[in-house]
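Inspection log for the structure reproduced underneath, given as structure tokens.
The values are calculated or read from the model by the stated rules, or taken from the named source; none is laboratory data. Quick caveat, the model's predicted, so the values are computed rather than measured. All Cβ positions, even for glycine, are placed from backbone atoms using ideal geometry, and neighbour counts span all protein chains on display. These area figures cover heavy atoms from the full protein model, side chains too; ligands, DNA and RNA do not enter into them. Shrake-Rupley method; radii C 1.70, N 1.55, O 1.52, S 1.80 Å.
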Amino acid sequence: MSTLILGIETSCDETSAAVVKDGTEVLSNIISSQIDIHRQFGGVVPEVAARRHVQNVLPVIEESLTASAITLADVDAVAVTYGPGLVGALLVGVAAAKCIAFAKSIPLIGVQHIAGHIAANFLTEQRFSTPFLALVVSGGHTELVRVESLMQYTFLGRTRDDAVGEAFDKVARSIGIGYPGGPVIDRLAEQGNPEAYSFPRAWIERGNLDFSFSGLKSAVINALHHQRQKGEDIRVPDVAASFQAAVLDVLVQKTIWAVEQTGIPRVVVAGGVAANQGLRTQLQQAAEQNSFQVSFPPLSLCTDNAAMIAAAAYPLWETKKFAKLDLNAAANLSLVDWMTACLI
Amino acid sequence: MPYLAIDTSNYALSVAIGDDQSCLGEASTFVDRNHSNKLMPLIESFLAQLEISPADLTGIIVGKGPGSYTGVRIGVTAAKTLAWALKIPLTGVSSLLAMAYTAAWPGFITCPLIDARRRQVYGCAVDTWQQASPIGHQPMIKEAIWPLDIFLSEENLLDRKLVFVGNGAQLHRETIQDSIGERARFASSLSTGFARALHLLQVGSEQIKQGLTEDPYQFEPEYLQQAEAEAKLTKNLEARESD
Ligand SMILES: [Zn+2]
């Protein structure tokens, strides 16, 4: 007997629903993005996002069932992101998931969003065993995590200020090249000279696995300000390439340190910034030179989606760690909070 | 053939079960907290109490707002998901109208007011006593977000006796009394001023019977206001166009 889990994800600006079979096979993964709406505000507006989720949630769920050629009666469990994220946005998915579980008398599984990003790596052909390391890079997170088992996580390092995706967005805004910043900078960086500017790398200290990006962000903004004052021409691709190089140097070097320190030669990359081509190339090279394995989720599973949530729910299905109908959105839910909640 | 009625749009968390003939029960709390984690456990235990299973339900009625943005979203999302999953009809009723029904006094016009900050209220005025059938209820003052002083000087209300309910009425009691004096009364019984699911049931069951139902895909809360960021954007666009 196979297991069909319906996943629901509404933690930020994508409304998504997916059906995943046995924790590994994606039958459908429908994503309704609000990016065009939030672009006009230069970032995600929580109240606007929550309103759109209310409009989108049922059509997206229905579409995921139709695309999987199943009906709600075939679904074995419903899994939903309950944190971290925008609380108003999370609440919409949580309310919908609870009602489906209640109406159809099926188990409800609460999933932590970052665990979802990590689990996106299980939806590929490649199989790898625990323990492994996860480099989580997104608009809200920059973390190195040791994954002992799929329900056991330890933080090795995390950002002390801005998340990496946030730094990309802020720098993109200051150069005036649109929103979201990550993909635009990645594309421009390919045509620029990464050594045109010498932006700082925040190592904190040798071997330290924490991150800091706010100094880099300020350095970029200051450099641009100076050039503008002097009336100099700014070559945008050079700025993008130099900024991206500074970010990637740090991400890659700290990943190498994490492999060295733990002796675990397997790294999975997770989160929206995992789509960055520069990061993919450099980590791949570093993996070859330092003999560790690195894997990336397919591009379609890097940004927020519900298939990764259904995948992360599967170990909980197997161990019957179900949520109750009082499940609530938790804006700051960490991997560790989640583990603790699940094991009670 | 029981319907389930739900309201979470303001401080009340209220559910009721019944149809157009009778109400089997109502469960409410009047504390403004945690509707998100309290709603479904309340529905679950309440249905169990009445020995009704979710599959027995034949319609969902929901207070569609106005009220707290988060509150209306919780109720409306729950209601439309239940209706969709159970394949049963869905209908929405104004949460202000439900509040008005808690104070239907002969000779008085009921004014339910919800505080909307900056001396504004979500409000309307309805003749709840005269109107026997709630269907097609035409409010004397339409539901909107009102600056309080404009609401109080509406022509339709001049020379009428008014009874005010809701947290907007409590908050602005002195202003209202100073403005219209003896014509204003305040319903102070413990059971007034909340959107009670019992009253939603009364209106909503009639609507379902008459086929006035909603498509769960399309159905949205009645916020009565644009999100702040959207309102600003609209304003900026208008300003640019008029330049
Ligand atoms: Zn994410």
Candidates B:Glu154, B:Glu214, B:Glu230, ranked by Gaussian network fluctuation over chain B, Cα under 10 Å, top entry: B:Glu230
Using the alpha-carbon atoms, what tilt in degrees (0 to 90, nearest 10) does helix A:46-67 show relative to the longest principal axis of chain A? 60 degrees
Give, as ranges by residue number, the residues of region A:25-50 whose backbone N falls under 18 Å from the point 7 Å along Cα→Cβ of A:Ile221. A:42-44
What does the average come to when, for each residue of peptide B:41-48, you count the partner chain Cβ atoms lying within 10 Å of its Cβ? 2
Obtain the radius of gyration and the Kirkwood radius of region A:129-296 from its C-alpha atoms and give Rg over Rh. 0.99
Alpha carbon centre of region A:2-19 versus region B:167-243: separation in Å? 33 Å
Which peptide among A:55-62, A:66-73 comes first, and what is the full order, when sorted by highest mean count of other Cβ atoms within 10 Å? A:55-62, A:66-73
Given the pairs A:Lys21/B:Lys87; A:Lys170/A:Lys254; A:Lys98/B:Lys235, which are separated by over 31 angstrom at their Cα positions? A:Lys98/B:Lys235
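When N is the residue count of chain B, what does its C-alpha Rg come to as a fraction of 2.2 N^0.38 Å?
Output field value: 1.04.
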Could you state the accessible area per residue of the protein assembly as shown in Å², with a 1.4 Å probe and every protein chain left in place? 41 Å²
Would you report the distance distribution of C-alpha pairs in region A:1-49 as whole percents per 10 angstrom bin, up to the bin with the largest distance? 25, 38, 22, 13, 2
Summing Lys, Arg as +1 and Asp, Glu as -1, what charge do residues with Cβ under 13 Å from the Cβ of B:Asn167 carry, B:Asn167 excluded? 0
Solvent-accessible area lost in complex, 10 Å² minimum, residues of region A:321-344 relative to chain alone, 1.4 Å: A:Leu325, A:Asp326, A:Asn328
Please report how far the C-alpha centroid of region A:92-167 lies from that of region A:30-47, rounded to the nearest whole angstrom. 22 Å
Ranked highest first by the average count of other Cβ atoms within 10 Å around their residues, in what order do B:95-104, A:140-149 fall? B:95-104, A:140-149
Can you check what the Kirkwood hydrodynamic radius comes to for chain A, Cα pairs only, in Å to one decimal? 20.5 Å
Which whole-number percent of Cα pairs in the protein assembly as shown have a distance greater than 40 Å? 36 percent
Counting only other chains, what is the mean number of Cβ atoms within 10 angstrom of the Cβ of each residue in peptide A:53-59? 5
Expected integer from the mean partner chain Cβ neighbour count at 10 Å over B:67-74 is 4
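Taking the inverse of the average 1/r across all pairs of different Cα atoms in region A:41-125, what Kirkwood radius in Å do you get?
When all Cα pairs of region A:41-125 are included, the Kirkwood radius is 14.2 Å.
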Need one number: nm distance between label points at B:Lys209 and A:Glu63, each 7 Å from Cα along Cα→Cβ, rounded to one decimal. 4.0 nm
Counting pairwise Cα distances across region B:137-197, what percent come out greater than 17 angstrom? 42 percent
Could you check how much of the accessible area of region B:160-214 is carbon and sulfur, as a whole percent, using a 1.4 Å probe? 43 percent
Taking N as its residue count, the alpha carbon Rg of region B:96-192 over 2.2 N^0.38 Å: 0.96
